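Before any comments, here is the structure.
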Amino acid sequence: MVPDTNSKPRLAPGCRLGENNQQRVLLMPERALRLLGPSLEIIERCDGQHTIQQIIADLQKIYSKAEPQKVEQDILGYLALLQKERALDFEP
Amino acid sequence: MPSTLTNPLALIAELTHRCPLHCVYCSNPLELQSRAEELSTETWSRVFQEASEVGVLQADFTGGEPLARTDILDLVRAARSAGLYVNLITSGLPLDEPKLAALVEAGLDHFQLSFQGAREEIANEISGTRSHEQKLRVLQWLRQHRVAVTLNFVIHRRNIDQLEEMLAIAESSCATRVEFANVQYYGWAFANREHLLPTREQLDQSLALITHEQKRLEGKIRVEYVVPDYYAKYPKPCMGGWARKLMLITPSGEALPCHAAKVIPGLVFENVKDRSVRQIWEHSVAFEKFRGEDWMQEPCKTCDRREQDFGGCRCQALLLTGDAAATDPVCSLAPQRPKVDAILAGINAAPPAQLFVQPPWLYRPNPT
Ligand SMILES: C[S@@+](CC[C@H](N)C(=O)[O-])C[C@H]1O[C@@H](n2cnc3c(N)ncnc32)[C@H](O)[C@@H]1O
Ligand code: SF4
Ligand code: SF4
């Protein structure tokens with residue numbers, strides 16, 4: 001299932017940012033993911049306000065040294081992983 | 001903290017042993033603690049704070065029935081303000097709609113509702129109460145709230161053929177996760193084992209069904225299946241390894257490395273009333289006892305899988321072999337595996353007609 005890039009991802013109920021040993025983590029039912037650099041930048045934008053396209057554009061700016069195509073692929077891959085975990089809802 | 005020691009990730013808070021249900025597979029110990037022995041709100045609040053300071057991310061509120069605590073809202077608030085992710089594991093009784101709203105308002109992150117079956121008749125038989133309808137009501141109420149919902153079904157011989165119906169309940173609800181957990185055999189489950197173990201044929205059918213359904217529901221509902229380890233080739237990494245990831249606190253404040261640890265003779269447990277979570281995690285003799293690998297016997301001692309399953313479950317080793325340091329006898333490499341095979345042979349030889357007769361269950365009582 002590939003989400004529409006015009007949709008706005010939002011953390012699902014019961015999924016939120018937390019902190020542990022000075023590190024940001026994504027807390028989910030029975031799971032926690034450590035967030036580093038780009039993954040944190042992505043999650044912070046999963047607020048139901050940014051479309052996937054906007055998130056991609058933002059990160060391409062932040063990581064302007066990286067290949068834009070690669071940044072886009074990484075983001076879509078990461079969102080797909082979070083969707084499989086049921087950590088995201090996609091708002092139209 | 002010595003560098004080889006990892007910090008605990010979850011605190012399992014058994015808030016009370018009181019419970020309006022009487023499940024025949026209840027994992028609680030046979031010796032249940034009374035209300036008079038229970039920790040105060042203040043002590044629990046301190047424990048949440050201390051747990052967070054040693055690196056714990058999540059508090060699992062369980063029991064008995066955690067909702068039987070009249071201070072449950074204060075406890076949710078305390079755990080949440082200590083920075084923990086708060087998970088409520090509940091039968092859904094006693095609960096009404098305003099109380100649910102208040103729990104979410106207090107900061108509850110995850111609501112795990114356990115079912116005793118897909119149908120009223122079997123659910124009520126297993127729980128020894130009329131409880132099924134209430135759970136369906138709770139599922140309706142949950143739609144109105146922003147909280148993660150997991151449905152937990154404990155699976156055994158008398159309901160393993162109803163997995164599709166259970167999934168239908170999940171699909172018509174707002175749950176994003178379903179846990180099908182085959183009964184683990186300790187506590188009351190061990191006493192009722194003969195009537196709970198599924199047959200090999202039932203298990204194979206259920207595995208095929210789950211694999212198919214996991215694919216179908218991908219991205220909608222996360223379906224997890226815990227297989228019965230008596231049928232497995234290798235044991236499960238019980239609790240993620242003894243004293244590696246989890247600490248359990250009993251209603252009266254004893255700190256245990258797992259639910260059933262009290263069955264192991266000779267272990268002395270510290271109490272959070274006398275010691276901090278950090279002191280216990282780092283120094284409790286009971287936690288040290290099976291931490292790491294020094295305690296292992298052959299074949300575990302030299303086995304390649306010892307970092308994966310840590311030799312299995314210590315309590316199961318004790319219950320089935322009499323020696324808590326033995327290789328978990330469900331392991332196909334264990335010298336005592338024939339004991340488990342003999343139990344399975346007995347189950348699989350039973351005529352299927354037995355499934356339609358209600359067994360002489362031993363019900364879990366409700367302590368005062
Ligand atoms: C002991 S209960 C306590 C919380 C609450 N009374 C309830 O039943 O949800 C904790 C969880 O363990 C599950 N459970 C109980 N006995 C079990 C067993 N022998 N094997 C596997 N899971 C079990 C329950 O379904 C529940 O999800
Ligand atoms: S009797 Fe049932 S509802 Fe009560 S604590 Fe045990 S598993 Fe939970
Ligand atoms: S021998 Fe021990 S370590 Fe090896 S698979 Fe069996 S239980 Fe695990």
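Coordinate-derived values only; no laboratory data. Given the structure is predicted, the values throughout are model-derived calculations rather than measurements. Glycine also receives a Cβ, built like all others from the backbone with ideal geometry; neighbour counts cover every protein chain displayed.
Restricting the search to helices (runs of 4 or more DSSP H) fully inside segment A:1-88 and requiring at least 1 residues that are within 14 Å of another protein chain (Cβ to nearest Cβ) gives A:68-84.
With respect to the conditions (1) within 14 Å of chain A (Cβ to nearest Cβ); (2) of a type in the set (S, T, N, Q); (3) not in a helix (DSSP H, G or I), B:ASN28 lacks only one, and its number is (1). Among the numbered conditions (1) surrounded by 13 or more Cβ atoms within 10 Å (Cβ to Cβ); (2) away from ligand 2 (no atom under 16 Å from the Cβ), the only one that B:ASN366 does not meet is (2). Going by what's in this entry, would B:PRO29 be described as surrounded by fewer than 21 Cβ atoms within 10 Å (Cβ to Cβ) and within 14 Å of ligand 1 (Cβ to nearest atom)? Yes; evaluated as a whole, the condition is true for this residue. Of all the listed residues (B:LEU320, B:LEU248), the sole one being touching a His at 6+ places or on another chain (Cβ under 8 Å) and within 16 Å of ligand 1 (Cβ to nearest atom) is B:LEU248. Each residue in segment B:2-25 was checked for being in a loop (DSSP other than H, G, I, E, B) and small (Gly, Ala, Ser), and 1 pass.
The set of residues in segment B:50-71 that are more than 13 Å from every other protein chain (Cβ to nearest Cβ) and either surrounded by fewer than 17 Cβ atoms within 10 Å (Cβ to Cβ) or part of a loop (DSSP other than H, G, I, E, B) (or both) comprises B:GLY64, B:GLU65, B:ARG69, B:THR70, B:ASP71. Of the set (1) within 28 Å of B:PHE153 (Cβ to Cβ); (2) outside any loop (DSSP other than H, G, I, E, B); (3) more than 9 Å from ligand 1 (Cβ to nearest atom); (4) of a type outside the set (Gly, Ala, Ser), all apply to B:GLU42 but (1). When B:HIS22, B:HIS17 are screened for being farther than 26 Å from A:GLY18 by Cβ, touching a residue at least 60 places away in the same chain (Cβ under 8 Å) and crowded, with 22+ Cβ neighbours inside 10 Å, only B:HIS17 passes. Of the residues making up segment B:204-221, those that are farther than 21 Å from A:ALA80 by Cβ and either aliphatic (A, V, I, L, M) or buried (at least 16 other Cβ atoms within 10 Å of the Cβ) (or both) are B:SER206, B:LEU207, B:ALA208, B:LEU209, B:ILE210.
Can you confirm whether B:VAL147 is surrounded by fewer than 22 Cβ atoms within 10 Å (Cβ to Cβ), of a type in the set (A, V, I, L, M, F, W, C), within 16 Å of ligand 2 (Cβ to nearest atom) and farther than 21 Å from B:ASN348 by Cβ? No: the conditions fail for B:VAL147. Look through segment B:222-234, keep the residues that are more than 15 Å from ligand 1 (Cβ to nearest atom) and of a type outside the set (Phe, Trp, Tyr), and return whichever of them is surrounded by the fewest Cβ atoms within 10 Å (Cβ to Cβ). Applying the filter and picking the extreme gives B:LYS233. Report yes if B:VAL86 is under 27 Å from B:GLY187 (Cβ atoms), part of a strand (DSSP E or B) and more than 15 Å from the chain's Cα centre (by Cα), otherwise no. Judged against the criteria, B:VAL86 is a match.
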